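Let me begin by presenting the structure, written as structure tokens, before commenting on it.
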Amino acid sequence: MKIIQFRYDSDNLGYLIHDGEEAVAIDPGDPGFVLDYIREAGLRLKEIRNTHSHSDHTSGNRTLADKTGAPVVDSTGADHFYIGEEMIEVIPTPGHTRDSVCFKGEGWVITGDTLFIANVGNCLPGLAGTFRESLDRLLQLPDETVIYPGHDYTERSLRRAREIEPDNPDIKRFTDSYNPPPIVSTIGDEKRINPYLRTDEPAVIAYLRENGKDVERSLGRFQSFLE
Ligand SMILES: [Fe+2]
């Protein structure tokens with residue numbers, strides 16, 4: 001299975017997943033790129049799907065559907081779909097929106113606006129606990145699972161992570177070896193560098209305390225980061 005990442009607008013990331021014959025487009029905000037790619041590679045576009053319903057992710061759906069005849073398929077409530085023989089799992093990850101999902105194949109996961117490199121998406125009011133559970137669901141994937149995010153905020157996210165944990169050697173190591181494209185991370189690296197996933201670390205707790213945030217409960221710490 002191949003995962004083709006493409007950038008559109010200023011920092012959005014869309015994906016084309018294919019097995020050499022059949023392809024599924026995820027958040028195809030640049031339909032022109034997808035059309036060129038499938039034509040040159042001789043692929044059949046089976047479906048168009050979205051990680052969530054925000055318009056910057058769905059804006060290319062209509063054009064791509066009109067030009068290819070591929071249906072736009074709602075992934076909420078589904079638990080998997082196929083590309084050729086390979087099953088792609090749909091993981092419900094509400095929090096950023098109620099309809100947010102992630103798509104997981106063999107060794108990789110497309111995370112939309114749920115999980116970014118060294119960062120997470122913003123969260124709907126009142127859904128911090130739900131969002132945290134969604135992120136925990138992703139953290140149960142094997143450490144070597146490759147993460148394909150929905151936006152490239154990486155530079156400023158890494159800068160902020162370094163401000164929060166200046167003595168965390170893994171942030172420097174990640175930054176030094178980070179070599180896009182593609183814009184990717186892994187579950188293991190995110191556990192080591194992403195401050196939003198590290199709210200039980202003494203250094204992160206100290207940072208929040210210095211900034212006058214609620215540090216009593218783990219969820220409170222997570223929540224105070226999102227505010
Ligand atoms: Fe979004």
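Please treat every number below as a calculation from the coordinates, not as lab data. The structure presented is a predicted model; accordingly, all values stated were derived computationally and were not measured. Counting neighbours? That spans all protein chains shown, and the Cβs are built from the backbone with ideal geometry, glycine included.
Side notes on the structure shown:
- Here the stretch 104-185 is treated with +1 on each Lys and Arg Cβ and -1 on each Asp and Glu Cβ, and its dipole about the Cα centre works out to around 180 debye.
- Where labels lie 7 Å past Cα in the beta-carbon direction, separation of Asp11 and Glu227 in nm: 2.3 nm
- 5 Å-binned pair-distance histogram of the chain (Cα, whole percent): 1, 7, 15, 18, 20, 15, 11, 7, 4, 2, 1, 0
- Per-pair calculated FRET efficiency, R0 = 25 Å: Leu139 and Glu163 via Cβ, rounded to 0.05: 0.65
- In the elastic network of the chain, a GNM with C-alpha springs shorter than 10 Å, the most mobile of Gly69, Gly212, Gly95 is Gly212.
- Whole-angstrom gap from the stretch 62-133 to the stretch 15-59, using each part's C-alpha centre: 14 Å
- A simple count of charges around Ser59, restricted to other residues whose Cβ falls under 10 Å of its Cβ and scoring Lys, Arg +1 and Asp, Glu -1, yields -3.
- Arg156/Glu85 FRET efficiency (R0 41 Å; Cβ-Cβ; nearest 0.05): 0.55
- For the chain, a crude dipole built from +1 on the beta carbon of Lys and Arg and -1 on the beta carbon of Asp and Glu, taken about the Cα centre, is about 400 debye to the nearest 20.
- Asp74/Glu40 FRET efficiency (R0 30 Å; Cβ-Cβ; nearest 0.05): 0.55
- Sorted by Cβ density within 10 Å, fewest first, the residues Thr63, Thr93: Thr63, Thr93
- Net charge, Arg192 excluded, C-beta distance under 9 Å - Lys, Arg +1, Asp, Glu -1: 0
- Choice from Asn179, Asn119, Asn61 showing the highest fluctuation, given a GNM over the chain with Cα pairs closer than 10 Å: Asn179
- The stretch 1-83: antiparallel DSSP beta bridges as a percent of all, rounded to 5: 65 percent
- Among Ser134, Ser55, Ser185: highest mean-square fluctuation, GNM of the chain, C-alpha pairs under 10 Å: Ser55
- Cα shape, the stretch 132-213, gyration tensor, a/c 1.5 rule: oblate
- Rounded tilt (10° steps) of 154-164 against the dominant C-alpha axis of the chain: 10 degrees
- Considering only the chain, percent of DSSP beta bridges that pair antiparallel, nearest 5: 75 percent
- Nitroxide proxy distance, nm - points 7 Å out along Cα→Cβ at Lys172 and Asp19: 4.6 nm
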